[in-house]
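Read the structure below first, then the notes.
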């Protein structure tokens, strides 16, 4: 099972059930709350909101400006209510990286649930102090002349990266671009790869 | 508090390991914990700052060995006890009995009159919990964009969102984010005490000295109470 599937002993499960039974009796945990949260996040195919916002920004200069300066309005265009997002733009001069060193803050409404590695001590400890080395280990070489800006989510503002649009995507529309955009690129640990040639 | 949760800049944790095709939840109990946390917040059993501080109060060796949802479980359990919903003895009694309570989940009799707001939360909001930390301005922010600032040197035993690696450090105000609930008081039942929040840029060599990487900066979102004018 490995480290991602810790052999959680029955005690933890029993403690969960104990607390669950109490919260149900107190009327705090609704009968369908667990199924609804599973349905919400398992049917949410990853960072779809974030990917759509980025694809639209790549194809629409007005929307791009709105996303970078008034993300609340830009997300409202996608039917999402969220007032705490800051979108930071990658370029040839700047690479942005998002972390939460104190806990695991992450923009759930646009990126879904965070992956385990984002919440892990190796990422949280190193992203602020040696991001270039960390990114290289994760497979992303950032040129030395490109500044790395690390956004440590210490308050309730949440961050998402607007990646650089890859080569070979001229003429592609929003719907064609969306599948290219990965969650990791929206966190800043990857770039969006150029599409495979047909 | 100077806890083990404050990981920025620590050494020794090794490489980042990424799981391929990671599932949303690795087991149903994780989803139950997620649902309990969010439902309890919606019912205002605790606020986000109390929740974070409860995680921080875990013994360091437990914090580092626990998985994410185990930390959530520890925090919700602790707060359920501290807020008077149950006792540690009752949790242990039920856990020893396999986790089932006196009433089966399906026999839940609805809202308890002792819990304010119980049953009054819509299903949708119980999932999304979009409680904003923005508050109306109650004064004029002390700093402008571009102002040089220095962070306070604090070692409070209470909750704070000023990480160790950024204390007593010089930076520049990059942006202002309005007024927000102040976690250092909100986590301790001392009210929201909203303060201006700033994005502050710190250069790598200011934070990490000669060990810092070249051409790198960290941006932190910091409340006004964490900042002093940098008159140097």
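Divide the volume of the convex hull around the Cα atoms of chain B by the residue count and you get 179 Å³ per residue. Helical runs assigned H by DSSP (4 residues or longer) give chain B a calculated mean residue ellipticity at 222 nm of -8000 deg cm²/dmol, each run adding -39500 (n - 2.57) before division by the residue total.
Among A:58, A:151, B:72, the order by Cβ neighbours within 10 angstrom, fewest to most, reads B:72, A:58, A:151. Per residue, the convex hull spanned by the Cα atoms of region A:48-187 measures out at 110 cubic angstrom. Treating r as the C-beta distance of residue A:197 and residue A:42 and R0 as 25 Å, the FRET efficiency rounds to 0.15. Counting every other Cβ atom within 10 Å of each residue's Cβ, A:148, A:187 order from fewest to most as A:148, A:187. Per-residue Cβ neighbour counts within 10 Å put A:105, A:100 in the sequence A:100, A:105, beginning with the fewest. Stretched out straight at 0.36 nm per residue, the stretch from residue B:62 to residue B:140 would grow longer than its current Cα-Cα span by 23.8 nm. Applying 1/(1 + (r/R0)^6) with r as the Cβ-Cβ distance of residue A:9 and residue A:60 and R0 = 60 angstrom yields a FRET efficiency of 0.70.
Each label point was placed 7 Å from the Cα along the Cα-to-Cβ direction; for residue B:88 and residue B:231 their separation is 4.8 nm. Each part reduced to its alpha carbon centroid, region A:73-127 and region B:125-191 end up 18 Å apart. Cα extents for region B:136-232 along the principal axes, largest to smallest and rounded to whole angstrom: 41, 30, 21.
Our summary of shape: the Cα atoms of the protein assembly as shown have principal axis extents of 64, 59, 42 Å, ordered from largest down, in whole angstrom. The overall shape of region B:1-80, judged from the alpha-carbon gyration tensor, is oblate: a/c is not under 1.5, and a/b is no greater than b/c.
Sequence-distant contacts, meaning Cα pairs under 8 Å at least 6 residues apart, place the relative contact order of chain B at 19 percent. The label-point distance for residue B:147 and residue B:210, in a model that sets each label 7 Å from Cα toward Cβ, rounds to 3.5 nm. The calculated 222 nm mean residue ellipticity attributable to helices in chain A amounts to -11000 deg cm²/dmol, summing -39500 (n - 2.57) over DSSP H runs of n ≥ 4 and dividing by all residues.
Just so you know, all these numbers are worked out from the coordinates, no wet-lab data involved. Since the structure is predicted, the reported quantities are computational estimates derived from the model, not experimental observations. Please note: Cβ atoms are built from the backbone with ideal geometry, for glycine as well, and neighbour counts cover all protein chains shown.
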